1. For the range 97-107, take each phi angle, set θ = phi - 60°, evaluate the Karplus expression 6.51 cos²θ - 1.76 cosθ + 1.60, and give the result in whole Hz per residue in order, putting x for glycine and proline.
2. Rounded to whole Hz and in sequence order, give me ³J(HN,Hα) for the range 54-64 from the Karplus expression 6.51 cos²θ - 1.76 cosθ + 1.60, θ = phi - 60°, writing x for Gly and Pro.
3. How do 69-76, 136-143 rank on mean C-beta neighbours within 10 Å, highest first?
4. Quickly rank 94-101, 50-57, 120-127 as a protection proxy: mean count of other C-beta atoms within 10 Å, highest first.
Amino acid sequence: MYSDADEVELLVNGRSLGREPVGEEHRFRTEFETAYEPGELLAIAYRDGVEAGRDILRTATGPVVLHAVPERPVITADVGDLAYITLTLVDSAGTVHTAADRPVRVDVSGDGTLIGFGSADPATRERFDATEHHTYQGRALAVVKPTGPGTIRLAATAQDCDPVEALVTVESRPR
């Protein structure tokens, strides 16, 4: 784990694995040895003995749900504006299912056109101009260009998930 704090404590399901030094003299890195357990992994950073930050990872549980959320619900009908719509595989609590990757298909209608669709998979051979792409660690991203004022509708489907849609309002360019 990486941190610019003095030390980091790691807790697995509430059980502390202790504190380890980190920071510049340790190249901002430390390691903990543990076996995988589903649940919660909590890292607490300390600087001068005082908590300076924390980060939590949780295991996703239950059925996989497809989520589609635009970065911004309103964009402008300008050649330089784009709508970024994140597609995520989550559980009922919103925790990302990082090990449940599957192909997602998108369809854009209304006042926009799909200009890119993909994931952060560094080894993908899938085309970014296609309407279907596999998620990577539970995530993918669609990029849509407005074609005029109105509404962009992105509909998405994935295996064993209910279909979802995201709406983005496209406003006229400011004059």
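1. 7, 6, 10, 10, 4, 7, x, 10, 10, 10, 9
2. For the range 54-64, the Karplus curve yields 8, 9, 10, 10, 10, 7, 6, 9, x, x, 7 Hz.
3. 136-143, 69-76
4. Highest-to-lowest ranking by the protection proxy: 94-101, 50-57, 120-127.
No value in this document is a laboratory result; all are computed from the given coordinates. Computed from a predicted model, the values in this text were never measured in an experiment. All Cβ positions, even for glycine, are placed from backbone atoms using ideal geometry, and neighbour counts span all protein chains on display.
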